[in-house]
Every structure is written in C-alpha cells, then in structure tokens.
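Structure first, then comments.
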Amino acid sequence: MLLGSVLVLNATYEPIHVCRVRRAVTLLMKGVAVCEEYTGHVLTSPSTSIQCPDVIRLKRFVRIPLRQKSFSRTQVFVRDEYVCQYCGKTFGSAELTLDHVLPRSRNGKSSWENVVTSCKKCNERKADRSPEEAGMFPLRKPRAPAYPHYYFHVRGSSGHRESWRKYFYI
Ligand SMILES: [Zn+2]
C-alpha cells in the first residue's frame, strides 16, 4: 500500500505520477497544484495544520511523452486486475495465462484489443474457438489502457487506493 503517497493528476485529470506527501504539500503551497481529494487525516507542524492530500492536480498542463510501453503479459494482467475475464475469479500470475479472444489460428493478433487475462482452466475450455463458438465472452471489452506506463507504475507495481480508482477509468 502506498502510505504517504499522493496521486498527481495532470491539469486534464489524467494520472501522471505518484509522489510523497511532503512533495504534494509543497506543490499545493506554491500554488502549482490544487487538491482534489483528501485522505481525512490532518498533518500538523508547530506552525500550522493542514488536511493531508490524497490526490492533487497540476494547474498547468504538463506534456508527458507517451512512451507507449510495449504490450506485455504483466501489463495485460494489470489492466485486467488479475481477474480471469471468463470466470471472473482473481488469480496470482502463476495461475494466469493470456488468451487470444480471436485465436491466433484465425489470425487473431497479439494486441491489447485481442488479448485478455484468463485462468488456465478457462483457457483450456475455450481452446481454439472464437467467443461465439465457445459461448465465452470477456467480461470487459479488451482495449489499450490510455496511459500504459502509468498503469504499470501506479497500479501494477505499487498497488493503488480505492480513492484513486476513478481516475483510471475516465
Ligand atoms: Zn477462469
């Protein structure tokens, strides 16, 4: 869990970074950012006390180079939140596989739009069939995450808070 971390949004509400509380408070004090969410805790120092920020947003738009992270197994698991897209159960990465919604044998591509997280059992059951033939459809229509690198850094490696969730599903 990211205790003491603050989600930083661009002026356009897109998540761009995670920083320490101290840094977030500095940005707020300088008037560079505004607070979007508070944690409910109060930070006190000898001279002042302020609400602890949970999510802040930069006032000015910062252009972020969209380094499109290459499509990978882990990133697909992260996007699907480690939930098998067929049975809806959560698994560890050892139990998970990638399933081509339209099988490779039918020219299904290895892309964000055609690959979903599937447990081994469901993958075996679906086998080389299309969703229609198998009667198995992904829970969520697969698509490329809007900000793949932040997806990975913010959500994948460090976990995320419930209060941050909505900013990843705009
Ligand atoms: Zn499954």
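The values are calculated or read from the model by the stated rules, or taken from the named source; none is laboratory data. Keep in mind it's a predicted model, so treat the numbers as computed, not measured. We place every Cβ from the backbone using ideal geometry, glycine too, and count neighbours over all the protein chains shown. Only protein heavy atoms, including side chains, enter the accessible area calculation; ligands, DNA and RNA are left aside. Shrake-Rupley method; radii C 1.70, N 1.55, O 1.52, S 1.80 Å.
Go through region 39-138 and tell me which strands (runs of 3 or more DSSP E), entirely inside it, have 1 or more residues that are more than 13 Å from the ligand (Cβ to nearest atom) and charged (D, E, K, R). Those strands (runs of 3 or more DSSP E) span 49-58. Got a number for residues in region 28-55 being open to solvent by 20 Å² or more (accessible area, probe 1.4 Å) and farther than 17 Å from Tyr167 by Cβ? The number of residues fulfilling the criteria is 17. Within region 12-27, the set of residues being open to solvent by less than 40 Å² (accessible area, probe 1.4 Å) and farther than 13 Å from Tyr167 by Cβ comprises Cys19, Val21, Ala24, Val25, Leu27.
How about region 113-124: which of its residues are touching a residue at least 12 places away in the same chain (Cβ under 8 Å) and open to solvent by 100 Å² or more (accessible area, probe 1.4 Å)? Once the filter is applied, which keeps residues that are touching a residue at least 12 places away in the same chain (Cβ under 8 Å) and open to solvent by 100 Å² or more (accessible area, probe 1.4 Å), region 113-124 yields Glu113, Lys120, Lys121.
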